Amino acid sequence: MFRAPANRRRKRSAHRRAARFQQLEKRNLLAAAPLGATELDTGEFLLGRVAVTPIFFESDGSIDAQSQNWTPTEIDEMLAKISEGVNWWAETLDGFDSVHSLEFVIDDTYAKNPVETPYELIDRNSEGFELALSGFMDSLDYPGSSALQNAVLAFNHDQREKLATDWSFTIVVVDSSDDINPSTGQHDGFFAPGGYFSGAFAFSGGLFMVTLSTRPASTITHEMGHIFWARDEYPGAGSWTDRRGYYNTQNLNASDNPTGGFVQEDSIMRGGYPLSVAYENHTSPASTLAMVGWQDSDNDGIFDVADVPLNLQGVGYFDASTSTYHFDGTANAVALANQNSEGPQSDITLNRVSELQYRLDGGAWIVASTPDQQVVDFDLQIVIDQAFSTIDWRAIDVNTTVTSNIVEGTIKSPAISAASITGYVFLDEDDNSIRAGSEPLMSNVSATLRNADGTPLFSGEVHANELPDGYIASGNVTGVTLTNQGFSYQRQLGVFESPIASNQKFFQSFDAQVIVWSEQWNANNVFIAKFDQDVGEVNLQIWGANAGSVSYGRIEAYDRNGQLIKRVTSDAVSYGKSTELTIQDAGGEIAEIRAFGHANSSIAISDLSFGFDDQITTNGSGALQFSHLPDGDYVLELAATKLIYAFDDPAPAIQVTNGASDDVVVIASRVTSPRHNANMPGDVNRDQIVTAQDALVIINDLNINRPRTLGASETAGPSIDVNNDGDVTALDALLVINALSSNGNADGTDSGGTDSDGESELGEGEAKTSELAAEQDSGAQQNSQAEQGFEPSIASRDRALAQWPSHVRAAADAPPLEFSPDRVAGDALERSGVKKLNTPPMMVPSVEPSKILPMSEEISEKFPQNLVVNEKSLSTMGSESMELGSLTGTDPPLSTPAI
């Protein structure tokens, strides 16, 4: 209940707010309308900041005889009266136990310097103001003479943006200070007879009021109630059956309320003495205040229009190696659905995301960021240098205390905002099926959600550009029926191009009344899509279709029972420009959507997609998140980008119940790359020895296929993944070349054996056996070798493994081969006893083993394109002992590079 105590009388001189007048030249004025507001929404509910623009008219005597003249004193007195009248609402709000504020910014530009007009408005009837106001709007380049209300709305919207306010309205003040009734000779202060009104009046919904200069401040207050949708309550005016305002509140305090025992209360929207009492006591009934947006259904001090949680969508995880918590996502204010029976019905909120906060182990909230915006994209990195187990995230509007949903996480599991399915993927390095804080969360894991029987989730797309001109044949569209709702329009749609955009077709409907196809979708002609199965998400590509102005697209989603689920509205879209408008339902129950231009605008539509977001690729958080799914059974198909990882369960079954599933924890293990020779890593071609030919096989592969991560279609072929990291880069070739260089292997002996001194021919033994290689199962590689006819001795394999530099650091520590333009493959060939051919220079940057990662990245990028290998030399390099003559002959290739 929002009513100041009836016996609470304020000392107005003590509580009156000072007038705040705007000096435009001192402001750098850039502001946006509230979230959800269009150019037509300049006074939807009475909270926040309000721009007030008084316009004082001064007759110049050119048409009507001049009877009134503004004096400086009269101007100042009228401005003071306006300030008092509008601030009554702010002072009344102060009397309530609420979190809200109300501030008025008065632009006195057209009051201090009254606008000249040829008309003496007080001597005309009440409609005479239109002549003066239309001319003034025309002078400001607003179309006043053709559409006065639209012109004033546009003017108010511009004033809102210039003055950085939420709302804006205009006050037309007619000088009546010297108005004399010719019949009585006494001061009159009313318009001439013959019009609709004798005194003040207003046009609701953020438009304007017209008042006489001799009316009291309470008149300004009363008319301002109309500006923000309040109804009259005195006899002969508003009826008790009337409804209006953001909550579509019934006018229960109207004088004609027939309810038994009804007693009309004092109200600012009544007249005469009851109005004066309400004005003096700062009181009005709950129904009156609800019409202007002041309603608190749960008595928590937050009006319903603002009592809507913020929305926080994000994923976070803790990186123990840097003690940094990463959290990224979006946060936004959410508008209450507008139920007003008049006006555009835009869903609007003033709430803001003031801060993003976190807390550890349920402790005090800590500010992580202060965006102070209505819509926020964020990517936070917070250093946490204390021990903790759990972490929570939220967004908050510090002015209203409205908060968002809480996103919860732990030091081991990511924080993931609520969805139908959530979970994460991690690499189980200690093989205990439980994630330790140091075990990495896995990125680049592809997860595809399917129905329990393995079939894809229902989805579809319709693109106007892909359809033939003319009526849309039923066979050309699957999964959805396209139609429309509008008087005189046929229900079967077609596609045609339009002047809105070149080389672009649009869905159109045929107007049988005027015999024309139209791409304009608006309140009179609604685009309808009915889906064969319920879906969780619908996307439309919409276009601005109002030449010379902006458009606002709106989608309404309905369930199978025809009940409205949700509606969304786009930002302003200029003519010929496009944007994607998306609507989603958490329960996946969208059976039909209706789309049209909002706020007296029209849109065009070129593309429709529908279904579910059924595929994701994990990022550094390892998070899995699938939203907007109906309850049911599903299976999740998993695939790692690299072949060196495998999953304990690559297709877990998942059940969604009541909109959510149990957390899905996917466990991955490290396995040997199928293109890695675990028995002898440098033996790329699996001939049981490591030679220059092995390096050349890799080089040739890189020239053909470029550096890359091995894909699922590349599991067979030479063992080009020398370091067993799932990638093929120049580093793999360098490992072989550096090993050959450190060996000095030039006599063709088995590189798995020893020389006469008993030293390993692969080097001095500084590179120890790779722990990773020792732990990996080499069974798959042995089977592959057996299939190829290879039976390496166990002793030979063990000696090779013991000496092979099987990781980057070990390879770098080995004595490197000196690279120069004329010594790349040639040097390796010379060491192997083969005479060097006269090949083109091979440009390779020098390698600095001490700079491991930069070297790897630089070489991986530049090495293949700069290194050119003589094709005949490469293709005929079958063994170290090959004679030079065979290199220049015409024999067929003895080896084939992997493709």
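The values are calculated or read from the model by the stated rules, or taken from the named source; none is laboratory data. Being a predicted model, the structure only gives us computed values, none of them experimental. Glycine gets a Cβ as well: all are built from the backbone with ideal geometry, and neighbour counts include every protein chain shown.
Below, the figures for the structure above:
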quantity: Lone unmet requirement of (1) closer than 30 Å to S518 by Cα; (2) in contact with a Pro (Cβ under 8 Å, 6 or more places away or on another chain); (3) not aromatic (F, W, Y) for L467; calculated: (2)
quantity: Cβ-Cβ under 6 Å pairs, at least 6 apart or on other chains, the stretch 442-458 side within 24 Å of P414 (Cα to Cα), far side in a loop (DSSP other than H, G, I, E, B); calculated: M442/G622; S443/T618; S443/N619; S443/G620; N444/T641; V445/T618; L449/D614
quantity: Conditions (1) assigned by TED's automatic domain parsing to the domain that holds A320; (2) small (G, A, S); (3) in contact with a Lys or Arg (Cβ under 8 Å, 6 or more places away or on another chain); (4) free of Cβ contacts under 8 Å to residues at least 40 places away in the same chain: number failed by S369; calculated: (3)
quantity: Enumeration of residues in the stretch 111-122 that are assigned to a helix (DSSP H, G or I) and surrounded by fewer than 18 Cβ atoms within 10 Å (Cβ to Cβ); calculated: K112
quantity: Cβ-Cβ under 7 Å pairs, at least 6 apart or on other chains, the stretch 517-532 side more than 9 Å from G486 (Cβ to Cβ), far side part of a loop (DSSP other than H, G, I, E, B) and among the aliphatic types (A, V, I, L, M); calculated: E519/I500; E519/A545; Q520/A545
quantity: Filter pass, E77 being charged (D, E, K, R) and under 14 Å from T211 (Cβ atoms); calculated: yes
quantity: Unique residue being of a type in the set (A, V, I, L, M, F, W, C), assigned by TED's automatic domain parsing to the domain that holds S606 and touching a Lys or Arg at 6+ places or on another chain (Cβ under 7 Å) when the list is V480, V538; calculated: V480
quantity: Meets criteria (without any contact (Cβ under 8 Å) to a residue 40 or more places away in the chain and of a type in the set (F, W, Y)) for Y552; calculated: no
quantity: Entirely in the stretch 577-669, the strands (runs of 3 or more DSSP E) that have 1 or more residues that are among the charged types (D, E, K, R), touching a Phe, Trp or Tyr at 6+ places or on another chain (Cβ under 6 Å) and surrounded by 18 or more Cβ atoms within 10 Å (Cβ to Cβ); calculated: 590-598
quantity: Search result, residues across the stretch 394-411 that are crowded, with 22+ Cβ neighbours inside 10 Å and not hydrophobic (A, V, I, L, M, F, W, C); calculated: D397, T400, S404, G409
quantity: From the options D701, D683, residue that is in contact with a strand residue (DSSP E or B) (Cβ under 7 Å, 6 or more places away or on another chain) and surrounded by 23 or more Cβ atoms within 10 Å (Cβ to Cβ); calculated: D701
quantity: Residue satisfying all of: in the stretch 283-333; of a type in the set (V, I, T) and part of a strand (DSSP E or B); farthest from the chain's Cα centre (by Cα) among these; calculated: T324
quantity: Test: residue in the stretch 41-51 that is modelled with pLDDT of 95 or more, out of contact with any strand residue (DSSP E or B) (no Cβ under 6 Å at 6 or more places or on another chain) and outside any loop (DSSP other than H, G, I, E, B); calculated: yes
quantity: Y247, sole failed condition from (1) closer than 20 Å to S287 by Cα; (2) part of a loop (DSSP other than H, G, I, E, B); (3) in the same structural domain as I55 (by TED's automatic domain parsing); calculated: (3)
quantity: Subset tally (residues that are out of contact with any Leu (no Cβ under 9 Å at 6 or more places or on another chain), free of Cβ contacts under 8 Å to residues at least 40 places away in the same chain and over 24 Å from L133 (Cβ atoms)) for the stretch 204-244; calculated: 6
quantity: Any hit, the stretch 187-195, residues being in contact with a Ser or Thr (Cβ under 7 Å, 6 or more places away or on another chain), under 23 Å from I106 (Cα atoms) and not charged (D, E, K, R); calculated: no
quantity: Single condition A529 does not satisfy, out of (1) more than 25 Å from the chain's Cα centre (by Cα); (2) part of a strand (DSSP E or B); calculated: (1)
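Okay, residues lined up against (1) out of contact with any Lys or Arg (no Cβ under 6 Å at 6 or more places or on another chain); (2) outside any strand (DSSP E or B):
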| site | (1), (2) |
| --- | --- |
| D138 | yes, yes |
| G144 | yes, yes |
| L153 | yes, yes |
| H157 | yes, yes |
| T165 | no, yes |
| T170 | yes, no |
| V173 | yes, no |
| S176 | yes, yes |
| P182 | yes, yes |
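The rows are residues; the columns are (1) at pLDDT below 95; (2) in contact with a Leu (Cβ under 7 Å, 6 or more places away or on another chain); (3) of a type in the set (S, T, N, Q); (4) surrounded by 22 or more Cβ atoms within 10 Å (Cβ to Cβ).
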{"site": "R17", "(1), (2), (3), (4)": "yes, no, no, no"}
{"site": "R27", "(1), (2), (3), (4)": "yes, no, no, no"}
{"site": "A33", "(1), (2), (3), (4)": "yes, no, no, no"}
{"site": "F56", "(1), (2), (3), (4)": "no, no, no, yes"}
{"site": "I63", "(1), (2), (3), (4)": "no, no, no, no"}
{"site": "M78", "(1), (2), (3), (4)": "no, no, no, yes"}
{"site": "W88", "(1), (2), (3), (4)": "no, no, no, yes"}
{"site": "D97", "(1), (2), (3), (4)": "yes, no, no, no"}
{"site": "H100", "(1), (2), (3), (4)": "no, yes, no, no"}
